[in-house]
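Take a look at the structure below.
The values are calculated or read from the model by the stated rules, or taken from the named source; none is laboratory data. It should be emphasised that the depicted structure is a prediction, and the values quoted were computed from it without experimental measurement. Because the Cβ atoms are built from the backbone with ideal geometry, glycine has one as well, and the counts that use them run over all protein chains shown.
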Amino acid sequence: MRKLILALFLIAYTFSQAQAPEKWGSSEIYNHIKKLNFLGSVLYIAAHPDDENTRLISYFSNERNARTAYLSLTRGDGGQNLIGPELREQLGLIRTQELLAARRIDGGEQFFSRANDFGYSKTPSETLEIWNKDEVLSDVVWVIRKFRPDVIINRFDHRTPGSTHGHHTSSAILSVEAFELSGSKDTYKGQLEYVEAYQPKRLFFNTSPWFYGGDEAFAQADKSNFISFDTGTYFPLRGLSNTEIASLSRSQHRSQGFGSTGSRGSQMEYLELIKGELPAEDSNIFEGIDTSWNRIEGGKEIGEVLLEVENNFDFQDPSKSLPQLLKAYELIQNLEDEHWKEVKTREIKEIIYACSGLYLEAVAEKPSITPSEDLQVRLEAINRSNQEIVLNRVELTPNNSVLNPEVKLANNKGWDGNMNFKIPATAQYTTPYWLEKEGSMGMYSVEDQKLRGLPETPLNTKATFKINIGGVNMNFEKPVVYKYNDNVYGETYKNFEIVPPVDLNFTEDVLIFNNTQPREISIRVTAKKPQLKGELKLTAGKGWKIEPVKSQFSIAQAGGSENLKFRITPPETQNETRLIPQASIDGKVYDLNLVEINYEHIPDQNLVKQASLKLVKLDINKKGENIAYIEGAGDVVPESLEQIGYKVTSLSPGEISLARLQNFDAVVLGIRAYNVVEDLKFKQEILKQYVKQGGTMIVQYNTNRGLVTGDLSPYDLELSRDRVTDENSEVSFLAPMHPVLNTPNKLTSKDFEGWVQERGLYFPDSWGEQFTPVLSMHDAGETPKNGSLLVAKYGEGHYIYTGLSFFRQFPEAVPGAFRLFANLISIGK
């Protein structure tokens, strides 16, 4: 069983879904041979995507040849998205793939816990209360026991709670505890069915001048417990320095805007020992640890064979190494140490595959299929070496269709075949495993112990090629993929997916009613298989009227769709409900929506989730009609304002002129506009003149770093890092008679109930006397924060700055957030 779980654990790294097959040249093969001869490992631990030190990961993977991995406790669901509208779970899915893209560049592996990134947290005590501390700790122990690192490195300091993001400190606290617990057979005993207790040798904290407040303080620090080394290595075989590789890796975090310019030259890193013995050799974290094949019983002969392979490697003809590699492969199969047997079997098979010039592929005739359907899969196999290779058998999973070619693959003579692939009725849909069941605010629900820690759902549609190479039998698993020729990009790969037979998709996520008039909604019914017939009905909460009761659909072709119309009448009083579609097809009921996420820097992603439309009857009044919206880092505020009856026009900086702005009742700037829209610094005087002549300008939050201009406001205004992370924190009215609290909607404390994730962020902490602070709020144990909403009269108009997180509240249709924003737009009208 332990052998099985480790094999499942490694699948995610063997296949990079929807990526073109990796094809190693001689330099890559040689580098992997060196890694094959190193039996040491490092696990880096932090809280989020982007927390990892890519210089260190690349250094240990590419310079030291160690097996190196990053454990990110969360998937980054709680952050902002600079490349699109996806937030929460969908953003976490994007950032998961960005981390995997980064690891493909720096050579590391990737793991996660079940912790959900619920947003900014100020203390580890708050974090570990919202997370289930014991469950997340068990996940850290689980990853340590599976990966079996010699050394663990923490990104953050466990001894400084409150000095940084609570998630950050929590990651270090849990790592320190897991270091002690992973080696005990008395902790998390259920894991021991699959893995053995394991004790790492050393635990370090990856310190730097930043943690000391600067270079001067760091220079004075006691470094007697430190080791240091230069990570600025240059790799001639790659033509890149380690720091250049690290920058390429970090630049995969596009949703966070972390593009990084490569650097060259010396780059020192510092590790402070937390647990274990300090290495006697300052720069060698593996000092005293046998990282050769001699560390395992039966490894000495393997090491001798592979050292010969490394020393005599022929860059012109890598296939000359095959006889010795095959000998080493057979010796590895006799090892009793199952951990290293599995790890090194995987590694040497990849090297044998590359040295022989093997190419194996299974291509489906279409990109998706539904359970119980079948399709043709085209097979390709070619041997581009003089090594004798026989293709004996091909098996398709999950239905185990079998083909027995028993054909000798002559040098550079391709073999093609076709197989029928019938998907079982019980096949699971292709969707992220951690999103299959509803979790809590702080945790994802993953019952299967074997899945915990994995970055992706293990491959469930694959072809197994059973090959005999030089008299040695071995299997190569390849994903079933979909491939086509794009007229611009040429050969293009997509995921092959198992999908529901019907996709139900509302045109909106939220529908807001600001009166009792009925509204027509449309739901798109898309067939994922041909000749799809059925009926659709919608269900909602008490008081909501739906007409018709049900509607028929009939779609001839897969991919075709029908738009069905329904008439929704809300109740008279303020109310919220979920509208759930139910499609009855051949006696089965489906309520699923297929979400597709497409960005060029990551593989396409599918998410199968329950289809629903949030319905909100809102008690709201408004003044003004026309809104200009200047987009920032990306949000759904414009669409949300349209939901409550405003006409919203998106303006680019080039369209900003005084004459154009005078057509609008208010100008609203999107989140972080002054961080990401460089041209705004040239439009500030126009915006000020618009306000001065009677307009209303509403500026949503910006970070206090990286502003394109310091001239945000007509008056003094200084941004800070002040934020209120408790979405339930008490809100006090500092100016209870101010118009933004009274007209056209009379606001009360009830309007601040039901907020999500946070109150707001990056509040100003200093402002001119012309501003009126409207609201006061604070997290537990902190001083009041009065800068969340500032309003100032300027000329005939009004300038408003707000750090309140409307961009999070609007997608969740929080009534009070809409009522407050309507008041902001209505001011002075």
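In the set (1) closer than 30 Å to residue 131 by Cβ; (2) surrounded by fewer than 14 Cβ atoms within 10 Å (Cβ to Cβ), residue 412 fails one condition alone, (1).
Note on the stretch 599-608: among residues that are in a strand (DSSP E or B) and not β-branched (Val, Ile, Thr), the one that is surrounded by the most Cβ atoms within 10 Å (Cβ to Cβ) is 605. Scanning the stretch 527-560 for residues that are closer than 16 Å to residue 594 by Cβ and surrounded by fewer than 18 Cβ atoms within 10 Å (Cβ to Cβ) gives 559, 560.
Within the stretch 35-59, the only residue that satisfies the criterion of being assigned by TED's automatic domain parsing to the domain that holds residue 145, more than 17 Å from residue 252 (Cα to Cα) and assigned to a helix (DSSP H, G or I) is 59.
Residue 296 falls short on exactly one of the conditions (1) surrounded by 15 or more Cβ atoms within 10 Å (Cβ to Cβ); (2) touching an Asp or Glu at 6+ places or on another chain (Cβ under 7 Å); (3) assigned by TED's automatic domain parsing to the domain that holds residue 54, and that condition is (3). Among the numbered conditions (1) of a type outside the set (Val, Ile, Thr); (2) over 18 Å from residue 603 (Cα atoms); (3) modelled with pLDDT of 95 or more, the only one that residue 487 does not meet is (3). Does the stretch 579-597 include one or more residues that are over 30 Å from residue 533 (Cα atoms), in the same structural domain as residue 507 (by TED's automatic domain parsing), out of contact with any Leu (no Cβ under 6 Å at 6 or more places or on another chain) and buried (at least 17 other Cβ atoms within 10 Å of the Cβ)? Checked against the condition, which is being over 30 Å from residue 533 (Cα atoms), in the same structural domain as residue 507 (by TED's automatic domain parsing), out of contact with any Leu (no Cβ under 6 Å at 6 or more places or on another chain) and buried (at least 17 other Cβ atoms within 10 Å of the Cβ), the stretch 579-597 yields no hits at all.
Filter the stretch 551-598 for residues that are in a loop (DSSP other than H, G, I, E, B) and under 18 Å from residue 504 (Cβ atoms) and give the result.
Passing the criteria: 557, 558, 559, 560, 586, 587, 591.
Condition check for residue 254 on (1) under 29 Å from residue 49 (Cβ atoms); (2) outside the structural domain of residue 163 (by TED's automatic domain parsing): one failure, at (2).
Residues that are under 27 Å from residue 401 (Cα atoms), of a type in the set (Lys, Arg) and within 29 Å of the chain's Cα centre (by Cα) within the stretch 444-492 comprise 450, 462, 478, 483, listed in sequence order. Determine, yes or no, whether residue 545 is at pLDDT 95 or above, of a type in the set (Lys, Arg), more than 34 Å from the chain's Cα centre (by Cα) and over 17 Å from residue 607 (Cα atoms). Yes. Just wondering, is there one or more residues in the stretch 151-163 that are of a type in the set (Lys, Arg) and farther than 21 Å from residue 271 by Cα? No, every residue in the stretch 151-163 fails to be of a type in the set (Lys, Arg) and farther than 21 Å from residue 271 by Cα. Looking only at residues in the stretch 337-348 that are surrounded by 19 or more Cβ atoms within 10 Å (Cβ to Cβ) and of a type outside the set (Asp, Glu), the one that is nearest to residue 309 (Cα to Cα) is 348. Among the residues making up the stretch 670-709, a single one is among the basic types (Lys, Arg), within 26 Å of the chain's Cα centre (by Cα) and more than 25 Å from residue 820 (Cα to Cα): 705.
Can you find a residue that is under 26 Å from residue 121 (Cβ atoms) and either surrounded by 20 or more Cβ atoms within 10 Å (Cβ to Cβ) or touching a Leu at 6+ places or on another chain (Cβ under 9 Å) (or both) anywhere in the stretch 795-802? Yes - at least one qualifying residue is present in the stretch 795-802. Selection of the stretch 316-354 for residues being acidic (Asp, Glu) and free of Cβ contacts under 8 Å to residues at least 12 places away in the same chain yields only 317.
Screening the stretch 370-461 for strands (runs of 3 or more DSSP E) wholly inside it with 3 or more residues that are free of Cβ contacts under 8 Å to residues at least 60 places away in the same chain returns the ranges 374-382, 401-403, 415-422.
State all residues of the stretch 266-280 that are in contact with an Asp or Glu (Cβ under 6 Å, 6 or more places away or on another chain) and surrounded by 19 or more Cβ atoms within 10 Å (Cβ to Cβ); if no residue qualifies, say none. 279, the sole residue that qualifies.
Suppose the filter is closer than 30 Å to residue 511 by Cα and among the charged types (D, E, K, R); does residue 812 pass it? Considered against the rule, which asks whether it is closer than 30 Å to residue 511 by Cα and among the charged types (D, E, K, R), residue 812 comes out as yes.
Can you tell me which residue in the stretch 260-297 is modelled with the lowest pLDDT, limited to those that are small (Gly, Ala, Ser) and within 27 Å of residue 36 (Cα to Cα)? If you could, list the steps in order and put the result at the bottom.
First pass over the stretch 260-297, keeping only residues small (Gly, Ala, Ser): 260, 262-263, 265-266, 276, 280, 283, 288, 292.
From the residues that got through so far, the ones that are within 27 Å of residue 36 (Cα to Cα) too are 276, 280, 283, 288, 292.
Details: 276: 95, 280: 87, 283: 84, 288: 93, 292: 97.
By that ranking, first place goes to 283.
Cβ-Cβ contacts under 6 Å between residues 6 or more apart (or on different chains), taken from a first residue in the stretch 682-703 that is assigned to a helix (DSSP H, G or I) to a second residue that is hydroxyl-bearing (Ser, Thr, Tyr), are listed as 691/794; 691/799; 692/794.
So if I check each of 226, 235, which one is in contact (Cβ under 8 Å) with a residue 24 or more places away in the chain, surrounded by fewer than 17 Cβ atoms within 10 Å (Cβ to Cβ), within 20 Å of residue 26 (Cβ to Cβ) and of a type in the set (Phe, Trp, Tyr)? Before the answer, list the steps.
On the way: 226 fails: within 20 Å of residue 26 (Cβ to Cβ).
Result: 235 is the single residue among 226, 235 that is in contact (Cβ under 8 Å) with a residue 24 or more places away in the chain, surrounded by fewer than 17 Cβ atoms within 10 Å (Cβ to Cβ), within 20 Å of residue 26 (Cβ to Cβ) and of a type in the set (Phe, Trp, Tyr).
If I filter the stretch 762-793 down to residues being of a type in the set (A, V, I, L, M) and in contact with an Asp or Glu (Cβ under 8 Å, 6 or more places away or on another chain), which single residue comes out as farthest from residue 735 (Cα to Cα)?
Within the stretch 762-793, the match that is farthest from residue 735 (Cα to Cα) is 780.
Determine if the stretch 803-810 includes at least one residue that is of a type in the set (A, V, I, L, M, F, W, C), on the phi < 0 side of the Ramachandran plot and touching a His at 6+ places or on another chain (Cβ under 7 Å). No, the stretch 803-810 contains no residue that is of a type in the set (A, V, I, L, M, F, W, C), on the phi < 0 side of the Ramachandran plot and touching a His at 6+ places or on another chain (Cβ under 7 Å). Among the residues of the stretch 683-708, just one is surrounded by fewer than 21 Cβ atoms within 10 Å (Cβ to Cβ), of a type in the set (Gly, Ala, Ser) and at pLDDT 95 or above, namely 694.
Restricting to the stretch 530-547, name every residue that is out of contact with any Leu (no Cβ under 9 Å at 6 or more places or on another chain) and among the hydrophobic types (A, V, I, L, M, F, W, C). Across the stretch 530-547, the qualifying residue is only 532.
Only one entry of 115, 101 meets the criterion of being among the small types (Gly, Ala, Ser) and out of contact with any strand residue (DSSP E or B) (no Cβ under 7 Å at 6 or more places or on another chain), and that entry is 101. Among all residues of the stretch 508-516, there is none that is of a type in the set (A, V, I, L, M) and under 30 Å from residue 373 (Cα atoms).
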